[in-house]
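Asker: Quick one: the structure is below, and I'll ask about it shortly.
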Amino acid sequence: MSISQDKILEIRSKANIVEIISEYVPLIQKGKNYFGICPFHDDHNPSMSVSPEKQIYTCFVCGAHGNVFSFIMDYENLSFVEAVKIVGNKVGVKVDVEVPRINKNINEKQKKMFDIYDIANKYYQNQLNTSEGKRAREYLKNRDIDDDIIKEFEIGLSTKSLLTDLLIKKGYSDKELLESGITSSNNDKIYDTFSNRIMFPLYDIEGKVVGFSGRIFDDSDNSKYVNSKESEIFKKSKIIYNYHKAKDYARREKYVIITEGFMDVIALYKRGIKNVVATMGTAITSEHIGLIKKISTNVILCFDGDNAGEKATISCSNELIKNNVMPKIIRLRDKLDPDDFIKKYGVDKFKEEISNALSYLDYKVNYYKNNTNFDNSEEVSDYIKNVLSELKYENDKVIIEIILKRLSDDTNVSVVTLNNMLKNEIITEVKPIEEKKKVLVLNKYDKAERRLIFYMLRYPEVIKIYDKNKCFFPTQSFRYLVNEILDYYKKYEQINIADFISHLNDKKELLDALSVVDVMNISDNYSYEEIMDYINLLNDYNIEQEIKRLTNLFKSEINSDKKTELAEKIAKLKVRENNEND
């Protein structure tokens, strides 16, 4: 299950790191590099730099650093081989290696739960196609859910037949079934949690079934939906419906639509709008937002058009904004949900709504305006204060001017007065005190070894100088890194940082050391004398350390002859040290 080094080099050389990272994170060109929000920490300002010249990325806050393969590995939580396959597919180089996905974080208990849900999913799908599933199939057909969509979303049916019995026959214990949530108990009797419901499987981000949502299709129960209980593999705060299907479409379209529920997702998906997800009817969490930011930071909210949908829109928007995502908003007319809107007005009209989605600021201004009685001076005053409170976070002067003019027209308060009020809002805004970064204090030896490696990574001639005038590196990881640089250069007769990162793909300690060195903010230019100064200084380190060691021995030695011998060795080393420093 390995890929030849030549194939790795071919794929890396054909890959444009800017184009590939742009599929995951929006990038803006500034000078010769591109910048974007770093996906590997809670970034609020674009701190990740992508260099098309070097074909590497670097975050100047969290230290994330690597080539195109490293980015895919960390972003998708994949192995190196899996990342190479993905990049290979993107650049048209086929990699004939089968790599089974093995999640090392899954314990035996969780594995059994995944197996239970996989069996249950297949069981429910089979039940839908039995004679008992006739009414359920008719219900789905009436909801415009055809066989293709049923198959695509693996929709099934729970009947009065006992899934629990089947699982017990397959060797699962009562305890395992109860903990999974597939089975429930009452008065020491166990039974299927879901009965007589259309079953919609719920997936984790990798597409494995971790739960179900069962919907009634007749009047047999007052509860419209019943969801799986939370378990070790099913956490609502971390599950986004349709994420595993939508992520590639969202990256391709460069935006993602968030709806209220999975029926909305299915309604859009079956009409060709596939970059759509839902948050399982729960309030959006920071975990949800972290996942969403991985597929796009361009988010469109399309919740139901009723009052509850409006409240959910504001609540979700506020959470997104806290996490540095500024959403756009679609509010459907006639208080319709996406499915009913498309049935009434057609899919092209819905696509127009996407194209004309409001900025959150425009939406919020309209929201305040629509909820204001302009015959009531107190409500007008509140309207002005609310809009200005939103506007103080806006940096675009043109947008500020447009909103103030609109606000002035609505309220008959002059733009000058509104502008002064806005300035007061900004002044009184309490800004958090930024925590000062800890500055790493380096001694002369730390600087010498880092700078020497920095230039070795960029210039073959510096590698040759070092190879001819070997020196000692005090830091073990740097010592090993230098050996790898030498081996790499002797094999390929060149040094390329992006390819060298691939060479070190399974050596995390050395990749970390490389990251520390490569991001140093020093001049790319060097002189032969400068390189030799670093080498000589690092050689001095050896002498200095040996003098310290012998001095400690001298202090503790009792035998006078040995004391004299140690003194002579120390004296010789000091002479050598002085000569090398002259």
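Computed from the coordinates by the stated procedures, all read-outs in this text should not be read as laboratory data. Every value quoted in this text rests on a predicted model; they were computed, and no experiment measured them. Glycine also receives a Cβ, built like all others from the backbone with ideal geometry; neighbour counts cover every protein chain displayed.
Asker: With r defined as the distance between the Cβ atoms of residue 253 and residue 16 and R0 fixed at 22 Å, what FRET efficiency is calculated, to the nearest 0.05?
Answerer: The value I calculate is 0.65.
Asker: Let me ask another. Suppose every Lys and Arg Cβ carries +1 and every Asp and Glu Cβ carries -1, with no other charges. What dipole size does the range 36-151 come out with about its Cα centre, to the nearest 20 debye?
Answerer: 360
Asker: If you line up the long axis of helix 444-456 against the longest principal axis of the chain, both from Cα atoms, how many degrees apart are they, to the nearest 10?
Answerer: On a 0 to 90 degree scale, this one is about 70.
Asker: I've got another one for you. Roughly what angle does helix 360-370 make with the longest principal axis of the chain, taking Cα atoms, 0 to 90 degrees, to the nearest 10?
Answerer: Its long axis makes an angle of about 30 degrees.
Asker: If I model a spin label as a point 7 Å beyond the Cα along the Cα-Cβ vector, how far apart are those points for residue 477 and residue 235 in nm?
Answerer: Result: 2.8 nm between the two label points.
Asker: How high is the relative contact order of the chain? Use alpha-carbon pairs under 8 Å, at least six apart in sequence, and give a whole percent.
Answerer: Relative contact order of the chain: 9 percent.
Asker: For a label point 7 angstrom out from the Cα of residue 51 toward its Cβ, which stretches of the range 60-88 have the backbone nitrogen within less than 19 Å?
Answerer: Those under the cut-off are 60-72.
Asker: Moving on to the next point. Once label points are set 7 Å from the Cα along Cα→Cβ at both residue 493 and residue 567, what is their separation, rounded to one decimal in nm?
Answerer: 5.8
Asker: Cut-off under 24 Å on the C-alpha distance; same-chain residues fewer than 8 positions from residue 447 excluded. Which lysines are left, in chain and number order?
Answerer: Answer for residue 447, where 24 Å is the Cα cut-off: 54, 436, 437, 438, 464, 468, 470, 507, 508, 548, 574, listed by chain and number.
Asker: So, one more: Please rank 398, 91, fewest neighbouring Cβ atoms within 10 Å first, as an exposure proxy. Don't jump to the answer; show the numbers that get you there.
Answerer: Working: 398 8, 91 16.
So the ranking, lowest neighbour count to highest, is 398, 91.
Asker: I've got another one for you. What percent does the relative contact order of the range 124-280 come to when contacts are Cα pairs within less than 8 Å and at least six residues apart?
Answerer: Computed over the range 124-280, the figure is 16 percent.
Asker: So what are the three principal axis dimensions of the chain from its Cα atoms, in whole Å, longest to shortest?
Answerer: 102, 78, 52
Asker: Could you list the trypsin sites (Lys or Arg not before Pro) in the range 1-71 that lie in coil according to DSSP, counting only those with at most 13 other Cβ atoms within 10 Å of their Cβ?
Answerer: Those satisfying the criteria are 32.
Asker: What's the FRET efficiency of residue 539 with residue 107 using the Cβ-Cβ distance as r and R₀ = 51 Å, to the nearest 0.05?
Answerer: So, using R0 = 51 Å, E works out to roughly 0.50.
Asker: Do any chymotrypsin sites (Phe, Trp or Tyr not before Pro) in the range 328-419 lie in a loop, going by DSSP, with at most 14 other beta-carbon atoms within 10 Å of their beta carbon, and if so which?
Answerer: Those satisfying the criteria are 374, 393.
Asker: For the range 257-319 and the range 43-84, what is the centre-to-centre distance using only Cα atoms, to the nearest Å?
Answerer: Centre-to-centre (Cα) distance: 27 Å.
Asker: OK, next. In the range 99-170, which trypsin sites (Lys or Arg not before Pro) fall in coil by DSSP and have 11 or fewer other Cβ atoms within 10 Å?
Answerer: Within the range 99-170, the qualifying trypsin sites (Lys or Arg not before Pro) (loop, at most 11 other Cβ atoms within 10 Å) are 101, 104, 160, 170.
Asker: Give me P(r) over the range 372-428, computed from all C-alpha to C-alpha distances, binned every 5 Å, as integer percentages.
Answerer: Once binned at 5 Å, the Cα pair distances of the range 372-428 give 4, 20, 33, 26, 12, 4, 0.
Asker: In percent, how large is the relative contact order of the range 1-86, given Cα pairs closer than 8 Å and 6 or more residues apart?
Answerer: That works out to 22 percent.
Asker: Now for a different question. If the chain between residue 42 and residue 326 were fully stretched, how many nm would it gain, using 0.36 nm times the residue separation less the Cα-Cα distance?
Answerer: Residue separation times 0.36 nm, minus the Cα-Cα distance, leaves 100.7 nm.
Asker: Can you put 288, 503 in order, fewest other beta carbons within 10 Å first?
Answerer: Least to most surrounded, the residues fall as 503, 288.
Asker: Report Rg/Rh for the range 108-234, rounded to two decimals, where Rg is the Cα radius of gyration and Rh the Kirkwood radius.
Answerer: 0.95
Asker: Nearest 500 deg cm²/dmol is fine: what mean residue ellipticity at 222 nm does the chain get from its DSSP H runs of n ≥ 4 alone, each adding -39,500 (n - 2.57), divided by its residue count?
Answerer: Result for the chain, helices only: -16500 deg cm²/dmol.
Asker: When the scattering of the range 444-581 is computed by the Debye formula from its Cα atoms alone, each counted once and equally, what is log10 I(q)/I(0) at q = 0.11, 0.19, 0.22 Å⁻¹?
Answerer: -0.50, -1.04, -1.29
Asker: Report the label-to-label distance for residue 362 and residue 175 in nanometres (one decimal), using points 7 Å from each Cα along the Cα→Cβ vector.
Answerer: With each label placed 7 Å out from Cα toward Cβ, I get 5.9 nm.
Asker: How far, in degrees from 0 to 90, does helix 415-428 lean away from the longest principal axis of the Cα atoms of the chain, to the nearest 10?
Answerer: That works out to roughly 50 degrees.
Asker: What FRET efficiency do you get for residue 484 and residue 94 if R0 is 45 Å and r is their Cβ-Cβ distance, rounded to the nearest 0.05?
Answerer: That gives a FRET efficiency of 0.95.
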